[in-house]
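Presented below is the structure to which this report refers.
Since every read-out is calculated from the coordinates, none of them should be taken as a lab result. Just so it is clear, the structure is predicted and the values come from calculations on it, not from any experiment. A quick note on method: Cβ atoms are made from the backbone with ideal geometry, for glycine too, and the neighbour counts reach across all protein chains shown.
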Amino acid sequence: MNTGTLWVSASPHGEDALGNRLVRALLDVSEAVTLRDLVAAPLAPLTPDYAAALTLRDVPSEKTEALSLSERLIGELESTRRLIVTTPMHNFGMPAALKLWVDYVLRIHRTFTSTPLGKVGLLEDRPTLVIVSSGGFHQTGESRQPNFLTPHLRAILATLGIHSVEFCYLEGLVTRRGAPDDMIAEALEAHPLMAWKSQPIAPWLG
Ligand SMILES: Cc1cc2nc3c(=O)[nH]c(=O)nc-3n(C[C@H](O)[C@H](O)[C@H](O)COP(=O)(O)O)c2cc1C
């Protein structure tokens, strides 16, 4: 049975990132969380053999380093029953580090299949929380920029088979960085995040 939570963090601010601080306020870190920190331990760029494995009809049977890494990252998703993603908005979309993780886990014939009706995910659905931090505003009335991150990441997760996704936005960090505790308290109040706190989860793995 799958247990625990996979936490994928894509912020260059590491532990100081507001999204990551919010997660630590939610989760008891003595409980089991697999942390995949895409900035502290960057993933290698995609290689020709990996691209070939995903696009050629006659895929070489040998397991290359890139395919092994892909298997390890997919295994982290398969062995956990909840997913948390903390990510900044970079240039209206997801940061490159998170996109690279997507390129390793969204794999045809492995985590999704292509049908006449479209792409169908092969992973189990699970409660998923995506916390997006942004320097400016893109959701609220003050918004002056597009948000391509939400529809893009939602489509990717759906293609994996993950549909139970909740987005939480920490906006305006450039002007509000001085009041991080207030922002965390506001986010906890504005979103049904406490449901996440009450879930029993397993020991800290990574
Ligand atoms: C390369 C880069 C691009 C950014 N692009 C945007 C953007 O398009 N919109 C925005 O509101 N903030 C943008 N920001 C600001 C970040 O979203 C902001 O610093 C946010 O607080 C980062 O979250 P973090 O603390 O989790 O790292 C950008 C920052 C960087 C470094």
Here the Kirkwood hydrodynamic radius of the chain, Cα-based and in Å, equals 17.9
Farthest toward the dipole's positive end in the chain, which of THR47, TRP7, PRO95, given Cβ charges of +1 (Lys, Arg) and -1 (Asp, Glu) about the Cα centre? THR47
When only DSSP loop residues count, what chymotrypsin sites (Phe, Trp or Tyr not before Pro) in segment 32-115 have their Cβ near at most 16 other Cβ atoms within 10 Å? PHE92
Over the chain, what is the relative contact order in whole percent, taking alpha-carbon pairs under 8 Å and six or more residues apart? 29
Output the antiparallel fraction of DSSP beta bridges having both residues in segment 5-198, as a percent to the nearest 5. 20
Kindly give the semi-axes, whole Å and largest first, of the ellipsoid equivalent to segment 82-187, taking each as the square root of 5 times a Cα gyration tensor eigenvalue. 29, 14, 12
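Only loop residues by DSSP count here, and only those with at most 14 other Cβ atoms within 10 Å; note down the GluC sites (Glu not before Pro) in segment 35-91 that meet that.
For GluC sites (Glu not before Pro) across segment 35-91 that sit outside H, G, I, E and B with at most 14 neighbouring Cβ atoms in 10 Å, the list reads GLU62.
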